[in-house]
Amino acid sequence: MARPTRLESLVLLAVFGAGVFLAGLELMITAVALPAIVIDLADWTRLREASWIVNGYLLVYIVAMPLAGRMADLWGSRRLFMAALVVFTFGSLLAGRAQTLEELIAARLLQAAGGGVLVPVGTAAASHLFEGTARPRALGIIGALTFLGMAIGPFIGAAILGTLHPEAALSRFGMASTDPLAEGLMPAWRYVFYVNVPIGILALILAWAAGAGWETPRRSGRLDIAGAIVFSVALVAGLGAVTLIGTTDAPGLPVDPQLLMAVLAIVAVVASALVIARSLTTRDPFLDVRLFRRLPFASASLVSLLTGYGFLTAIVGGAVFVDRVLYGGPADQRLALGALALATAIGALASGFAIRLLPLRVVSVLGLSASAIALWRMASWQRTSSIEEIALVLAVFGLGFGLTVTPRSTAAVESAGPESFGAASATVTVARHIGMAVGLAILTAYGSTTIDRLSTEIYTTPNAYKQYIPVELRDRPLRDGLVVEALETWASGEAARVMVGIVGVAAVLTLLAIPPALALDRRRRDPRAGTVAAGGDGRPRDDATEASLAL
């Protein structure tokens, strides 16, 4: 097949970059919109179900990534990337148009099926598209845009919610809120999903025009579909069990929640055992657990898992605190989450330069320490905390998290060796997203249990609410404005106390990532030769290999 011209190659790189950016963006942009979505499509008593708007995306995304890398090798990257972009864009359109919680969750699953393919396939396509010294730069752009999309997602979500007012715009055209067209155009949270549609369509047009006649090499082999199914069962059952922690009453469930949690936990354990057994007996397994025999690889995966948990907790916890405790507006959300996004991008970029001068373990420990300190500080936030302090703490966390990005990926891939670069990269990435999914499940379980408890305390009797408001207001009815304000003040204080437990756990887990981080390979760079002198196994590495590791 004819190779694209330089201009066509740059256009395709922009397309691949846009795809991986959107995939990373959709992982976290919904975190900010979740409160508005819950209020519009349901209520806070359905928080556990609503959490699958994010967790469902994460699940399908996680499962799709390892399969996608294999499919790119078998079927070619360009066409697969375009097909995934179609699925992702169509899923985004359906998500924005959703009228019920169930419709939105289903649309998010379709989105994730496309998004989970975009990142590994975009990376593979860029690797084939550029050669020699151009390849590291291309891969660096793809990797940076992936993490930038994840980090900036909450910031863009807050900006959309704060600046778009579709209700006012439609009313000027005389369109009622009950009009079928208007139902799909408001409220503002819908544009968190609609924003992907024009970008996706433009990327498809450019990919078709610039890449005509070009495709990546293909090779024979097969997909481990059975392994993917068993892994999916283990993941869904495990997260379902975690989400049900603390549930004592669930009217929508036909069985006792605690019994269901126990059954799901057993299914998760059995399915996980089957995944391991299949990996040890299959030639091309879905996930190769044999890589965990190598200490640096196992350590890097554990660091990725634990930092993923902390990353999710910081983003969602920070967004919820500003929204529910400080009752901050869009400007406050943009400041807090923008600081986190910018610092994460800076940290990720700095980590690539830092490992040229310092051992992987040193850079990792510095990042983990900064992240843990920031999380401990988050646990002490109160209603009186200023938005500037919150933005600073989130920035420190983001910088620390970013510093751990390249070291853990570098250690994992170098430990695995050239024959397992793809499997190693996929496994470390999957570990990070599993950590994020578990973090969201635990945060949801803890938050839902607390909401149920507080709701019971307030509404158990007609006058139960009076014990939570000042004495001088107790003669007023529940719907009185001053009573509502007093109850909101009390509820925000309770929410702040909930944050102590949630963020404290994340801080402890981040500290627990330091011992495995010390087992990462030590590398020394020769600045004159521009190559890595040796990894932990004593083998040399080149610049192209290093650039691919941050992905």
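Coordinate-derived values only; no laboratory data. Remember, it's a predicted structure, so these values are computed and weren't measured experimentally. Glycine also receives a Cβ, built like all others from the backbone with ideal geometry; neighbour counts cover every protein chain displayed.
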Net length gained if the chain between I205 and R383 were fully extended (0.36 nm per residue, minus Cα distance): 59.2 nm
Within 13 Å, Cβ to Cβ, of G115, how many net charges do the neighbouring residues add up to if Lys/Arg are +1 and Asp/Glu are -1? 0
Env charge @ L473, Cβ radius under 13 Å, K,R +1 / D,E -1, value -1
Return the distance in nm (one decimal) between the two label points of a simple spin-label model at E183 and D256, each offset 7 Å from Cα along Cα→Cβ. 4.1
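Can you tell me the FRET efficiency between A464 and E485 if r is taken as the Cβ-Cβ distance and R0 is 25 Å, rounded to the nearest 0.05?
Values: r = 18 Å, r/R0 = 0.72.
With a Förster radius of 25 Å, E is 0.90.
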Quick one: length gained pulling I514 to L478 fully straight, 0.36 nm per residue minus the C-alpha distance? 8.0 nm
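Taking each pair of distinct Cα atoms in region 1-111 once, what is the resulting Kirkwood hydrodynamic radius in Å? Walk me through the numbers on the way to the answer.
On the way: mean 1/r = 0.0644 Å⁻¹.
About 15.5 Å, per the Kirkwood formula over Cα pairs.
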Within region 17-41, backbone nitrogen closer than 14 Å to the virtual label 7 Å beyond the Cα of Q99 toward Cβ: 41
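What net charge do the residues around A431 carry, taking every other residue with its C-beta under 14 Å from that of A431, with Lys and Arg at +1 and Asp and Glu at -1? Before the final figure, lay out each step's value.
Working: positive: R408, R432; negative: D288.
So the surrounding residues net to +1.
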Students often check this: by mean Cβ neighbours within 10 Å, which of 470-478, 222-230, 16-24, 117-125 ranks highest, and how do the rest follow? 117-125, 16-24, 222-230, 470-478
Counting other beta carbons within 10 Å of each Cβ, put R6, R324, R78, R408 in order, fewest first. R6, R324, R78, R408
What number do you get for region 231-362 when its Cα radius of gyration is normalised by 2.2 N^0.38 Å, N = residues? 1.45
Under a plain spin-label model, where a point goes 7 Å from the Cα along Cα-to-Cβ, how far apart in nm are R290 and R497? 5.4
